[in-house]
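Okay, handing you the structure first.
The values are calculated or read from the model by the stated rules, or taken from the named source; none is laboratory data. Being a predicted model, the structure only gives us computed values, none of them experimental. Don't worry about glycine lacking a Cβ; one is built from the backbone with ideal geometry, like all the others, and counts go over all protein chains shown.
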Amino acid sequence: MPIRKRYQHEQVEGARVGRLDAGINTTFIVYRIGSTLIDCGPSNQWRSVREFVAERRVKQLLITHHHEDHSGNGARLARQFGLTPLAPQLAQDKLSSGFYIPPVQRMVWGRPHPVETAPLPDQVVLADGGLLYPVHTPGHAKDLTCFYLPQQKWFFSGDLYISKSLKMLRADENLVQLIDSIGKILTLDFEVLFCPHRGIVEEGKASLQAKFDNLLSLCGEVQGLAREGLTSREISDKVLGPEGWISKLSRYNISKINLVDAALTVDLDRPVTSQVVLPAA
């Protein structure tokens with residue numbers, strides 16, 4: 001499958017790839033700032049990724065987290081360009097030794113090849129100049145780390161954003177941590193958000209704020225219905241509608257009922273924001 005779509009925003013280029021085109025979660029955008037790649041796409045799309053990286057030598061590869069759509073071509077790029085990818089410390093063991101991938105995700109993305117990485121430092125000097133700051137944002141994954149470029153007011157969101165409205169949750173996601181991470185990122189000064197699934201979001205901070213507000217609203221609605229005596233399944237059907245094909249295909253590893261059950265655990269009276277402290281340049 002060739003590159004599905006190209007993106008450009010100032011010095012940032014992107015290429016959308018994917019075996020399937022059944023919604024934004026089945027395709028992936030590899031972003032490039034000069035000679036620095038942000039994530040590297042799924043292994044079953046190496047031909048398209050190779051076409052993209054052939055246009056300019058890759059000098060740096062930064063990985064946001066271990067998931068197979070983000071890390072799948074790390075080993076190939078490391079060999080081709082003689083580089084060591086930088087990844088969150090919490091991701092390094094999984095990237096080097098491998099990890100379990102549910103069948104539906106293997107079908108969509110393939111299986112990554114093991115790759116040795118170096119840990120992301122507190123700040124990254126980009127190959128072509130400029131500073132990037134990794135910010136740990138657990139919730140979607142324990143190791144998820146987003147990238148902030150304060151001078152440009154850019155934010156590379158990994159899988160923190162994806163959509164203003166969350167409809168499903170993976171069984172291994174932590175909704176409390178996700179809400180906390182979004183709240184923390186909202187204390188940063190940024191404008192454009194680069195999502196590897198949704199695309200380039202020009203009003204990025206406002207869109208992430210909308211997701212934050214929608215999640216808290218959903219939790220409030222779910223908890224209100226639970227107090228009325230509705231079961232989790234009844235709440236899920238009422239608020240989110242019936243489960244779709246991805247829920248059934250994944251054996252409910254990715255499902256609406258997971259989101260409802262998680263929403264019941266969120267303490268809406270607890271402060272959810274903390275300040276991001278950036279290291280001195």
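Please note which helices (runs of 4 or more DSSP H) are completely contained in segment 187-264 and include at least 3 residues that are at negative phi and modelled with pLDDT of 95 or more.
204-227, 232-239, 256-263
Let me ask you something else. Test N73 against the stated conditions and say whether it is touching a helix residue (DSSP H, G or I) at 6+ places or on another chain (Cβ under 6 Å) and at pLDDT 95 or above.
When the stated conditions are applied, N73 passes them.
Only one of V108, V104 is in contact with a Ser or Thr (Cβ under 8 Å, 6 or more places away or on another chain) and at pLDDT below 90. Can you tell me which?
The unique qualifying residue is V104.
Okay, next question. Among the candidates E221, E234, E191, single out the residue that is in contact with a helix residue (DSSP H, G or I) (Cβ under 9 Å, 6 or more places away or on another chain), surrounded by fewer than 16 Cβ atoms within 10 Å (Cβ to Cβ), more than 23 Å from H67 (Cβ to Cβ) and in the same structural domain as K153 (by TED's automatic domain parsing).
E191
I would also like to ask the following. Looking at R111, is it within 18 Å of the chain's Cα centre (by Cα), assigned to a helix (DSSP H, G or I), surrounded by fewer than 20 Cβ atoms within 10 Å (Cβ to Cβ) and among the charged types (D, E, K, R)? Step through it out loud before you land on a result.
On the way: within 18 Å of the chain's Cα centre (by Cα): yes; assigned to a helix (DSSP H, G or I): no; surrounded by fewer than 20 Cβ atoms within 10 Å (Cβ to Cβ): yes; among the charged types (D, E, K, R): yes.
Here the answer is no, as R111 does not meet what is asked.
Can you tell me which residue is farthest from G18 (Cα to Cα) among those in segment 49-103 that are assigned to a loop (DSSP other than H, G, I, E, B) and of a type in the set (G, A, S)?
Step by step, filter segment 49-103, then rank; the result is G82.
Now a separate question. As an exercise: evaluate T64 against (1) under 19 Å from the mean Cα position of the chain (by Cα); (2) among the polar types (S, T, N, Q); (3) surrounded by fewer than 22 Cβ atoms within 10 Å (Cβ to Cβ) and give the number of the one condition it does not meet.
The single condition T64 does not satisfy is (3).
From the list S96, S35, pick out the single residue that is hydroxyl-bearing (S, T, Y), over 24 Å from L149 (Cβ atoms), modelled with pLDDT of 95 or more and in the same structural domain as K167 (by TED's automatic domain parsing).
The match here is S96.
For segment 258-281, state whether one or more residues are over 28 Å from G224 (Cβ atoms), touching a helix residue (DSSP H, G or I) at 6+ places or on another chain (Cβ under 7 Å) and among the β-branched types (V, I, T).
yes
Checking R6 against (1) farther than 20 Å from I101 by Cα; (2) of a type outside the set (D, E); (3) in contact (Cβ under 8 Å) with a residue 12 or more places away in the chain: exactly one of these is not met. Which one?
(3)
If you don't mind, there's one more thing I want to ask. Just wondering, is there one or more residues in segment 124-142 that are surrounded by fewer than 23 Cβ atoms within 10 Å (Cβ to Cβ), farther than 27 Å from Q275 by Cα and not aromatic (F, W, Y)?
Yes, because at least one residue in segment 124-142 is surrounded by fewer than 23 Cβ atoms within 10 Å (Cβ to Cβ), farther than 27 Å from Q275 by Cα and not aromatic (F, W, Y).
Now for a separate question. Quick check on this structure: which one of S232, S255, S274, S217 is under 21 Å from the mean Cα position of the chain (by Cα) and more than 30 Å from L132 (Cβ to Cβ)?
On inspection, the qualifying residue turns out to be S255.
Using the structure shown, decide if G130 is at pLDDT below 95 and either touching a Leu at 6+ places or on another chain (Cβ under 7 Å) or basic (K, R) (or both).
Yes: the conditions hold for G130.
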